[in-house]
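I have placed the structure first, in the form of structure tokens, so that the comments after it can refer back to it.
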């Protein structure tokens, strides 16, 4: 305790060293003037005593202010440590939750795969299982995106090949939903993360299929300026004007989602989150009753 007090006192003296040196210098000059003019030394001592008392009062006031400031700094430092501890606890808790659900989602995929094999002849059951599998994949990708947000692998991506894999994956849904597909290939390549672009496109394609029964979907790609544009156009029910600016909001399903009662409101939110991380722009044009156009603009 005594050491802490001494440390504080030394810190105070160092902080006010200029004032102390100034006081000593002034009194040294005062003494020289008195001495050179043969003035009685008692006059100097009286003046010095008055100056010393005033200076000591000044130092006491400064020390009290220093103590208050030090106490305030210590409280701020304690609060900063507490905030940092709470932040670390929150990060740890968030990581535990994400890892738990990630493990749970991966485990649930095994029985889904088994059920798909067992219900091979039941088309309706197979479609429902496909939907469950898609939601499971969406959950996995959502968790991965938040848990490993810096895990990006940028490379040259064959757009036609990427789209072709998705079309094959959703071929059963195209058939059972009576959707005709116009897939236009142009041998175009872009520079981005192949895995996450695939997830982004899958969310938009899945959304198009969901709201385009008994109609048509067009998949196209083209170059524009320094960008590659991927177009997923459906001839479905379209998006109401009041919903168009909110379709990428988390959990927002809009009028169509409430009408169909099978929208989580996470698919397009996931697509937008991936787009933001990959510096991809998303543009939507839609007319109710005529369909929607989703433009995925990859900046090369």
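Okay, here's what the table says:
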read-out: Some residue of the range 287-295 being out of contact with any helix residue (DSSP H, G or I) (no Cβ under 9 Å at 6 or more places or on another chain), more than 20 Å from residue 166 (Cα to Cα), in a strand (DSSP E or B) and modelled with pLDDT under 95; value: yes
read-out: Sole exception among (1) at pLDDT 80 or above; (2) closer than 30 Å to residue 11 by Cβ; (3) more than 57 Å from the chain's Cα centre (by Cα) for residue 78, by number; value: (3)
read-out: Residue check for residue 265: within 22 Å of residue 177 (Cβ to Cβ), at pLDDT 90 or above, in a loop (DSSP other than H, G, I, E, B) and in contact with a helix residue (DSSP H, G or I) (Cβ under 9 Å, 6 or more places away or on another chain); value: no
read-out: Test: residue in the range 246-257 that is at pLDDT 65 or above and in a helix (DSSP H, G or I); value: no
read-out: Test: residue in the range 134-156 that is assigned to a helix (DSSP H, G or I), modelled with pLDDT of 85 or more, crowded, with 20+ Cβ neighbours inside 10 Å and within 19 Å of the chain's Cα centre (by Cα); value: no
read-out: Filter pass, residue 2 being out of contact with any strand residue (DSSP E or B) (no Cβ under 8 Å at 6 or more places or on another chain) and at pLDDT 85 or above; value: no
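This table checks each residue for (1) surrounded by fewer than 11 Cβ atoms within 10 Å (Cβ to Cβ); (2) within 30 Å of residue 74 (Cβ to Cβ); (3) modelled with pLDDT under 80.
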position: 6; (1), (2), (3): yes, yes, yes
position: 12; (1), (2), (3): no, yes, yes
position: 18; (1), (2), (3): yes, yes, no
position: 22; (1), (2), (3): no, yes, no
position: 35; (1), (2), (3): no, no, yes
position: 44; (1), (2), (3): no, no, yes
position: 49; (1), (2), (3): yes, no, no
position: 52; (1), (2), (3): no, no, no
position: 57; (1), (2), (3): yes, yes, no
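The values are calculated or read from the model by the stated rules, or taken from the named source; none is laboratory data. Here the structure is a predicted model, which is why all the values come from computation and not from measurement. Glycine gets a Cβ as well: all are built from the backbone with ideal geometry, and neighbour counts include every protein chain shown.
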